[in-house]
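S.K.: Dumping the structure here so I can ask a few things about it.
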Amino acid sequence: MEISKRQLECLSFIKDYIAEYGYPPTVQEICDGLKIKSKNAGFKLLKALQDKGLIKRNPMISRGIDLISKKGLPIVGKITAGLPITAEENIEGYLSLDEFVGDDRYFGLRVVGDSMMGRGIFDGDLVIIKKQPDIFNNQIGAFMINGEFTLKTFKVSENGEICLKPENDSYLPIYVGDGDMFEVIGVLRMVVRLFGDHYEARKY
């Protein structure tokens with residue numbers, strides 16, 4: 001399923017409006033919020049979202065928009081590719097990836113920072129993580145260290161020392177000591193990036 005940038009903006013506006021007011025916007029409010037001059041264009045935008053199974057509409061009432069929020073892979077928050085940030089699960093949307101849908105071993109995180117750019121992972125990308133406690137040397141994974149999430153390359157030395165390695169020389173490696181609270185959250189399986197109006201994905 002391809003979704004245009006404008007449709008993503010509309011979906012985000014509806015979600016944010018519901019989060020703020022507790023009820024969905026009218027078509028006129030959507031047009032005003034997205035600076036759409038024609039109300040008919042607003043109806044067409046909503047129809048496109050409905051046809052793609054992202055919303056349900058009841059045309060008999062002015063605020064008859066319902067989000068269909070469980071169609072796809074949950075994007076559960078942000079993960080830093082720079083310095084670690086406080087871990088927080090906050091579902092910000094859903095991405096339809098048929099291979100992973102329905103498999104609760106997978107979830108998505110939005111990358112913040114550029115420490116993994118050497119492996120082609122950039123600020124704003126979505127990374128698809130497979131939840132598992134085990135990881136091999138040189139694999140990219142999502143980790144929890146002292147209550148904070150980070151995305152790094154897993155390195156383990158011959159003497160068992162664990163290092164979370166950034167792929168950008170501007171950042172220092174993170175060494176895991178005996179006193180650190182450390183957990184492997186999962187292994188990177190895919191990077192999804194929005195180019196123009198279309199998503200492109202690359203598997204790992």
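The values are calculated or read from the model by the stated rules, or taken from the named source; none is laboratory data. Fair warning: this is a prediction, and the values are worked out from it, not measured in the lab. No Cβ is skipped: glycine too gets one built from the backbone with ideal geometry, and neighbour counts run over all protein chains shown. All accessible areas refer to the heavy atoms of the entire protein, side chains included, with ligands and DNA or RNA removed. Shrake-Rupley method; radii C 1.70, N 1.55, O 1.52, S 1.80 Å.
S.K.: Every residue in the stretch 117-133 that is touching a Phe, Trp or Tyr at 6+ places or on another chain (Cβ under 8 Å) and surrounded by 21 or more Cβ atoms within 10 Å (Cβ to Cβ), please.
M.R.: Applying the first criterion (touching a Phe, Trp or Tyr at 6+ places or on another chain (Cβ under 8 Å)) to the stretch 117-133 yields 128-131.
If the condition is that a residue be touching a Phe, Trp or Tyr at 6+ places or on another chain (Cβ under 8 Å) and surrounded by 21 or more Cβ atoms within 10 Å (Cβ to Cβ), then Ile128, Ile129 are the ones that fit.
S.K.: Can I ask one more? Could you pull out every one of the helices (runs of 4 or more DSSP H) wholly within the stretch 1-67 that has 1 or more residues that are at pLDDT below 90? Quick ask: steps written out before the conclusion?
M.R.: Numbers: elements: 5-21, 27-34, 39-51.
It comes to 5-21, 39-51.
S.K.: Checking Phe136 against (1) more than 14 Å from Val187 (Cβ to Cβ); (2) open to solvent by 70 Å² or more (accessible area, probe 1.4 Å): exactly one of these is not met. Which one?
M.R.: With (1) more than 14 Å from Val187 (Cβ to Cβ); (2) open to solvent by 70 Å² or more (accessible area, probe 1.4 Å) applied to Phe136, the lone miss is (1).
S.K.: In addition: Can you name the residue in the stretch 9-56 that is free of Cβ contacts under 8 Å to residues at least 12 places away in the same chain and either in contact with a Lys or Arg (Cβ under 6 Å, 6 or more places away or on another chain) or closer than 23 Å to Val192 by Cβ (or both) and, of all such residues, is least open to solvent (accessible area, probe 1.4 Å)? Please lay out each step first, then the result.
M.R.: Narrowing the stretch 9-56 to residues free of Cβ contacts under 8 Å to residues at least 12 places away in the same chain: 16, 19-22, 31-32, 35-38, 40-41, 44, 47, 50-51.
Those left that are additionally either in contact with a Lys or Arg (Cβ under 6 Å, 6 or more places away or on another chain) or closer than 23 Å to Val192 by Cβ (or both): 16, 31, 50-51.
On the way: Asp16: 83, Cys31: 3, Gln50: 74, Asp51: 107 Å².
Applying the filter and picking the extreme gives Cys31.
S.K.: Something else now. State yes or no: is Val184 touching a Phe, Trp or Tyr at 6+ places or on another chain (Cβ under 8 Å), β-branched (Val, Ile, Thr), modelled with pLDDT of 90 or more and open to solvent by less than 10 Å² (accessible area, probe 1.4 Å)? Reasoning before the result, please.
M.R.: On the way: touching a Phe, Trp or Tyr at 6+ places or on another chain (Cβ under 8 Å): yes; β-branched (Val, Ile, Thr): yes; modelled with pLDDT of 90 or more: yes; open to solvent by less than 10 Å² (accessible area, probe 1.4 Å): no.
Criteria not met by Val184.
S.K.: Name the single residue that is farthest from Val111 (Cα to Cα) among those in the stretch 139-161 being at pLDDT 95 or above and open to solvent by 30 Å² or more (accessible area, probe 1.4 Å).
M.R.: Once the filter is applied, the top-ranked residue is Lys155.
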